[in-house]
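Undergrad: I have a structure I would like to understand better, so I am pasting it below and will then ask my questions one at a time.
The values are calculated or read from the model by the stated rules, or taken from the named source; none is laboratory data. Given the structure is predicted, the values throughout are model-derived calculations rather than measurements. Neighbour counts are summed over all protein chains in view; Cβ atoms, including those assigned to glycine, are modelled from backbone coordinates with ideal geometry.
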Amino acid sequence: MFHPSIDDCFALCAFIISVLNFHHLKRTGLQLFPLFLFFILVVKGVKLILPHETLWLYNISTTVAFIFYAYILSLILQDTAFRTMALRFAFVYPVLVLFNLFFIQGFTRLHSYTMILGALFMIIFCGLFFYELLLDPREDQLLKDPGFWVSTGILFYYLGDLSYDILFNLLQKYATNTGWKLFINIDNNLTLILYTCFIIAFLCKRNPRRSLSR
């Protein structure tokens, strides 16, 4: 019997809201979110069916997530140099993941080294977004800005994820089962914050001063 977790329900809710608001998302640059969230739901579905064969799924889904978020953040960022940096990361990152899997950590382990790298860059890109906000504050429109909520969700998620990823290799070495279960629990809780922010972003009215569509 399948037992969906709370974060599975939040992912489904985020997907449904993104589909229902797709006409709005097309005007904000977030139109790829329904496709991405559908991919996440498929991954979660496979995990429910094959709960003991999920390592390869994590390696694939986390890599896709880093690439997707880097692309979305490249749309949110205003400065051309910052946007270019995010796009270049999206192209280079999968190459780094493959190199890590083939020559360093292998396919039988979680690609924690490149996950740490990816989390660091997500935090940097989100930090650049908030830096731009400091230079051009819009307090009256900030909570209506979908880019703000997307960036906030990604920032909180990867701040929490990074702290664990750094310790993952040690836990995997000395407490394999405990380390993996802890990873799943932490990831599930962080995902609740991430999807909540995404849902708010999907429901936001378009900010006329900061459109994600360029």
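Yes/no per residue for (1) buried (at least 19 other Cβ atoms within 10 Å of the Cβ); (2) touching a Ser or Thr at 6+ places or on another chain (Cβ under 8 Å):
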| position | (1), (2) |
| --- | --- |
| ILE6 | no, no |
| ALA11 | yes, yes |
| ALA14 | yes, no |
| SER18 | yes, no |
| ASN21 | yes, no |
| ARG27 | no, yes |
| PRO34 | yes, yes |
| LEU55 | no, yes |
| TYR58 | no, no |
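Undergrad: Among the numbered criteria (1) of a type outside the set (S, T, N, Q); (2) more than 24 Å from ALA11 (Cβ to Cβ); (3) in a helix (DSSP H, G or I); (4) without any contact (Cβ under 8 Å) to a residue 40 or more places away in the chain, which single criterion is violated by GLY106?
TA: Of (1) of a type outside the set (S, T, N, Q); (2) more than 24 Å from ALA11 (Cβ to Cβ); (3) in a helix (DSSP H, G or I); (4) without any contact (Cβ under 8 Å) to a residue 40 or more places away in the chain, only one is false for GLY106: (3).
Undergrad: If you don't mind, there's one more thing I want to ask. Counting only residues that are of a type in the set (S, T, N, Q), over 21 Å from ALA86 (Cα atoms) and in contact with a Phe, Trp or Tyr (Cβ under 8 Å, 6 or more places away or on another chain), how many does segment 100-125 have?
TA: Count: 1.
Undergrad: Would you pick out the residues in segment 90-148 that are small (Gly, Ala, Ser), surrounded by fewer than 18 Cβ atoms within 10 Å (Cβ to Cβ) and at pLDDT 95 or above?
TA: Residue satisfying the conditions is GLY127 alone.
Undergrad: In the set ILE40, ILE72, ILE17, ILE76, which member is over 23 Å from LEU120 (Cα atoms) and in contact (Cβ under 8 Å) with a residue 12 or more places away in the chain?
TA: Going through ILE40, ILE72, ILE17, ILE76 in turn, just one is over 23 Å from LEU120 (Cα atoms) and in contact (Cβ under 8 Å) with a residue 12 or more places away in the chain: ILE17.
Undergrad: Next question, about the same structure. Looking at segment 43-57, I want the residues that are farther than 16 Å from SER5 by Cβ and have a partner that is surrounded by 14 or more Cβ atoms within 10 Å (Cβ to Cβ) and at pLDDT 85 or above with Cβ atoms under 6 Å, at least 6 apart or on another chain. Which pairs are those?
TA: Every condition considered, no pair remains.
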